[in-house]
Amino acid sequence: MTWMLTASGAEYHLAGPAALAACGRPVNIEDVAHHLAIVAQFNGATSRPYSVAEHSLLCADIARRSGASVFVEIAALMHDAHEAYTNDLISPAKQAVNGFSMGTAGIEAWTMFEADHAKTVREHFKLLSVFAGNKQLLRSIDSQALATARRDLTPHDPSRHLPWPILGDGTVQPVAPAEWVRLDSPEREVKTWKDWRAEFHDRYLSLQVRRTLAGLGAKK
């Protein structure tokens, strides 16, 4: 069995011949928002539930505060949207899986699997060109969100834990967390997964309207 049942009742094929059919990978914002609001970041190793949806909203906030365009802002919100179908595998696990596959066939299996579904989802939401043209910026936004969550929601202690290369620990320019937000605030802690689902869904719709208007303006 290489297909999954989505929250809306659709059958999404992760692999196999059916995945190549036009209807083999149905994608919609309702499923994405629902799934991401339940999928945990850090494998659940946080002081409170911290979902991919909340992380994605933080990325969109970082993009907006940095003065990025609405196109980058919506890409920041949707950068992990494919995890609604692949799940959120933590970076160490991704490297471990890739290591096993490299040792047997010379192919980074997880990277290829994830990239395939990221392309499917980004193509559906017409975001391929935005991602292609803003890789470094989106990576830096994602990294700052990660650094912020590590500071506020994990037991990380630099005096006794190994450095995180992904955040540049031990280098002259480590990734700094956002100083304008605290993820361990009471306001955030009382929100439920349904609140984050609604916020993610509504933010997408709002950004989509702005993106459409910006696109129309560019054509004038």
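If the condition is being at pLDDT 90 or above and surrounded by fewer than 21 Cβ atoms within 10 Å (Cβ to Cβ), then the range 88-117 contributes 114, 115, 116. Look through the range 38-86, keep the residues that are of a type in the set (A, V, I, L, M, F, W, C) and in a loop (DSSP other than H, G, I, E, B), and return whichever of them is farthest from residue 138 (Cα to Cα). Out of the qualifying residues, it is 45. Taking every residue in the range 174-192 that is closer than 14 Å to residue 65 by Cβ and pairing it with any residue that is among the aliphatic types (A, V, I, L, M) and in a helix (DSSP H, G or I), at least 6 positions away or on another chain, the pairs with Cβ-Cβ distances below 7 Å are 176/147; 177/147; 178/62. Scanning the range 141-154 turns up at least one residue that is closer than 24 Å to residue 66 by Cα, part of a helix (DSSP H, G or I) and acidic (Asp, Glu). Would you confirm whether any residue within the range 87-109 is part of a helix (DSSP H, G or I) and of a type in the set (Asp, Glu)? The answer is no; no qualifying residue exists.
The values are calculated or read from the model by the stated rules, or taken from the named source; none is laboratory data. The model shown is predicted, which means the values in this text are computed figures rather than measured ones. When we count neighbours, we look across all protein chains shown, and the Cβ atoms used for this are built from the backbone with ideal geometry, even at glycine.
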